[in-house]
Each structure stands twice: as C-alpha cells, then as structure tokens.
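Since the structure comes first, as structure tokens, the remarks are kept for the end.
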Amino acid sequence: MKKIRIDKINDLFLRALNESVFSGAAMAYSKRVDNGFERFEKYYGLAQFTPFKEKLKNNSFFDLASLTKPLATVLILLALFEKGLLNSETQLQTLFQNCPTDKKNITIKQLMSHCAGFAAHRDYYKELLIIPKKIRKKNLVKRILDENMEYKNGTRYCYSDLGYMLLGFIIENVTGKKIGELAYNLIYKPIELHNDLSFPGFYKKDGYAYVSTEKCLWDKEMLSGTVHDDNCRVLGGQAGHAGLFGTIGGVVGLCEQLLDQWKNRCQHPAYSNDLLKETLKKVENSNWTMGFDTVSEKGSSSGNFFSKESVGHLGFTGTSFWIDPEKDCIVVLLTNRVHYGKYNWKIKEFRPAFHDLLMG
C-alpha cells in the first residue's frame, strides 16, 4: 500500500480517536495476489480508556457483536445442511411442539434472510434476569414464539435479532451442543482459526487481551471478554445473534477463507462451496442474502467503491467486514465505539469515509 494512502488512513484514525469515535480500533485490508493474500493491518488507540487506560495489542480480542450471525451461526447452519440435519426450507412447525399458527410456515431461510416477520429487537434480559438461569433459554424460546408478528413472513424484510436468537436455539436443539462448541470444532479449528475466533461464553482464553466495551447495566462492571449484548449476556454469552469474539487476524482470515471458497480456490471440510454460494446470493427484493448484508444503492456503510456483488455485515459494538469478489479483496474494521456509550453513533460517518479512503 502506498505511503500517501497509509498517511491518510493514519490521520483519519487519529482524528477519530481525538473525537471519541472509539477508544481503540484495528483495521485490515487483504487483497488476493497470485497464489495467496497480501494483508495490510494497523492498530490504533487503547483497548480501554476508562476506568483506566489499557493498551491495545495486535492480538486483542474484540466483541464482534452481530458479526456472530454470518461468521458463526450461518456457517454452522451450512454444516448442518451438509449433514442433512436441517435445510433452508425446514419449517418451524417441524422444530417446535405447539408452534403458534402464525409461525408454523416460517422457514430457516426466512429467519436467515430477515424476512420471517419478527421485530428487530426486544429487551428480554430485563425479565430473564429475575428467573433462574437454568430455565432462561426455555422461557426465551416461548417469548419469541409468542411474539406478535410485525408482518406476514416472506412479504417484507426487517433486520431481526429475534430471528437469529431462534436460529441459535434451533441449532442447539438439533445438535444437543452449544453454539460456541460447534463454531470452535466444526468451523474454526479445521482451518486453524480457533485461537483467533471464539465465544468466551464457551471457552475464554485466559491471559489473552480483550478490548473493553461498556459497563454492564446490572453489575456496573466494565465488560472485557464478556459479551456486550444484554440478551446474549443473560443467556451466558452464547447465542445465535451475538457472543463471538475475534482478533483482526481471525476475522480477516475467515473472510479470506470465504472469498476463496466463493471463487472455488479452496474448500471447507464442514460444508460445500455450492452451499456457501447459495447463501451469498441476494434474496429477491431485499438487501440481504441468507445471512449477509449487501451494498445499498445509497448511503451504504461500505462507501462508494465496493462492487455491487460484495457482501458484509456490521456489528453494534463498532465492527464490520466487507468481501468484494469482483475486486478480490476484503476490508475489516474492528472498534469498541460503545466504550463511550451505546448511543455514540459517530461511527456512522467514519465507516464510509474509511472504506472510501481504502477502496477509492
């Protein structure tokens, strides 16, 4: 990467640190060249600014928030499709006894592509906190299935945590195993990324550095190596919508794997390239594939220079990735923008500016 571009990137991140967009950030640009990827990585700021300053390290784990959806839950589902335990057209009525009538025909595909009819979010944790931990999951499944639908499934698209919470429960019910264990053994370990991607709710790496997010609402302790999402945290840190942590190397490494599979340059032992490609196709009349966001015509967080075939995702804590199959490149941005409060939205302007600087 040319020095003038690096200097501009450094200036952009230093301004962001001074303006409290985040306390710390890591970025990576990876481009396919010849028989491999050429990476450029940089790290900025602190892993924690308050209550005391803590240095950001090149192997620090960030709370990836909703990147959990495409980088864990979706890939586990593909592995279950491959095994024949589920398929994209499996309906809820075959998975849950006494499934409400208005939800019987909802399919796995509709849950994955955010068109099942569920609301975007609910603060379930407020009621779950006051009941015993051992019955929280069962209680939450019932609450989601009893929700009033926002629209008839398949008629509209609304990004929904509820749909992915339900997918997480479906995965665990079908396999008898937790999301974190499945991600570790099925997805990350076979491609040697298990030391850089994990659910601390399943396996917390002692001695590793974690980037802090925000104080817990109920115990007022700074969250470091504990998931920021309240609904996931009350469930023990493993869920279909959140809970995954990763280093910049881990996220970009998994994105490189996905891009190479997309281009048939490699395979994954748990699921076929054809299944992945089907998952990466945009769903009709939507900006979503079965788990990945796509480039919007106007106002995309990806900026102005990713090709229209690109896929990516954002995370609430200030994380994102974009994969461009046409330009054969990847951009990953990991931050802790919620360290200055969950309503600190300065990153909305930072993301497209950063992507344009890299891709323009």
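For every residue, the table says whether it meets (1) crowded, with 21+ Cβ neighbours inside 10 Å; (2) closer than 28 Å to MET1 by Cβ.
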site: GLU19; (1), (2): no, yes
site: LYS42; (1), (2): no, yes
site: GLY45; (1), (2): yes, yes
site: PHE52; (1), (2): no, no
site: PHE81; (1), (2): no, no
site: PRO100; (1), (2): no, no
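With the condition kept exactly as written, say whether any residue in region 206-227 is surrounded by fewer than 24 Cβ atoms within 10 Å (Cβ to Cβ), assigned to a helix (DSSP H, G or I) and in contact (Cβ under 8 Å) with a residue 12 or more places away in the chain.
No, region 206-227 contains no residue that is surrounded by fewer than 24 Cβ atoms within 10 Å (Cβ to Cβ), assigned to a helix (DSSP H, G or I) and in contact (Cβ under 8 Å) with a residue 12 or more places away in the chain.
Which one of these is in a loop (DSSP other than H, G, I, E, B), at pLDDT 95 or above and closer than 24 Å to TYR271 by Cβ: LEU166, LEU111, LEU85?
LEU85
For region 270-293, enumerate the residues that are over 19 Å from HIS241 (Cβ atoms) and not in a helix (DSSP H, G or I).
Correct list: ALA270, TYR271, SER272, LEU280, LYS281, LYS282, GLU284, ASN285.
Cβ-Cβ below 7 Å, separation at least six or inter-chain, first residue in region 262-282 and without any contact (Cβ under 8 Å) to a residue 40 or more places away in the chain, second of a type in the set (A, V, I, L, M, F, W, C) and surrounded by 15 or more Cβ atoms within 10 Å (Cβ to Cβ): which pairs?
As it stands, the answer is LYS277/TRP262; LEU280/TRP262; LEU280/PHE292; LEU280/VAL311, since those pairs meet every condition given.
Is it true that ASN139 is of a type in the set (S, T, N, Q) and in contact with a helix residue (DSSP H, G or I) (Cβ under 7 Å, 6 or more places away or on another chain)?
Yes.
Can you find a residue in region 346-355 that is at pLDDT 95 or above, closer than 21 Å to GLY246 by Cβ and touching a Lys or Arg at 6+ places or on another chain (Cβ under 8 Å)?
For region 346-355, residues at pLDDT 95 or above, closer than 21 Å to GLY246 by Cβ and touching a Lys or Arg at 6+ places or on another chain (Cβ under 8 Å): present.
Report, by residue number, each residue of region 303-329 that is more than 17 Å from MET27 (Cα to Cα) and of a type outside the set (A, V, I, L, M, F, W, C).
The answer is ASN304, SER307, LYS308, GLU309, SER310, PRO325, GLU326, LYS327, ASP328.
Within the bounds of region 49-57, is there any residue that is over 27 Å from ARG265 (Cβ atoms), outside any loop (DSSP other than H, G, I, E, B), β-branched (Val, Ile, Thr) and over 20 Å from the mean Cα position of the chain (by Cα)?
no
What about ASN273, is it more than 16 Å from the chain's Cα centre (by Cα), polar (S, T, N, Q) and at positive phi?
no
Kindly indicate which of LYS31, LYS8 is in contact with a Cys (Cβ under 7 Å, 6 or more places away or on another chain), more than 21 Å from THR213 (Cβ to Cβ) and surrounded by fewer than 20 Cβ atoms within 10 Å (Cβ to Cβ).
Just a single option satisfies the conditions, and that option is LYS31.
Looking at region 232-280, which of its residues are within 30 Å of ALA119 (Cα to Cα), surrounded by fewer than 19 Cβ atoms within 10 Å (Cβ to Cβ) and in contact with a Lys or Arg (Cβ under 9 Å, 6 or more places away or on another chain)?
GLY236, the sole residue that qualifies.
Are there any pairs, at least 6 apart or on different chains, whose C-beta atoms fall under 8 Å, with the first in region 34-50 and in contact (Cβ under 8 Å) with a residue 60 or more places away in the chain and aliphatic (A, V, I, L, M) and the second surrounded by fewer than 19 Cβ atoms within 10 Å (Cβ to Cβ) and part of a strand (DSSP E or B), and if so, which?
Listed by first residue and then by second, the contacts come to ALA47/LYS55.
Just need a number here: residues in region 281-308 that are surrounded by fewer than 16 Cβ atoms within 10 Å (Cβ to Cβ) and under 23 Å from GLY253 (Cβ atoms).
1
For region 1-24: of the residues being in a helix (DSSP H, G or I) and among the β-branched types (Val, Ile, Thr), which is nearest to HIS339 (Cα to Cα)?
Once the filter is applied, the top-ranked residue is ILE9.
Residue under question is LYS189, and the condition is that it be over 30 Å from LEU95 (Cβ atoms) and either assigned to a strand (DSSP E or B) or of a type in the set (Lys, Arg) (or both); does it hold? Reasoning before the result, please.
Values: over 30 Å from LEU95 (Cβ atoms): no; either assigned to a strand (DSSP E or B) or of a type in the set (Lys, Arg) (or both): yes.
Here the answer is no, as LYS189 does not meet what is asked.
The values are calculated or read from the model by the stated rules, or taken from the named source; none is laboratory data. Quick caveat: nothing in here was measured; it's all calculated off a predicted structure. So basically every Cβ, Gly included, is an ideal-geometry build from the backbone, and we count neighbours across all protein chains shown.
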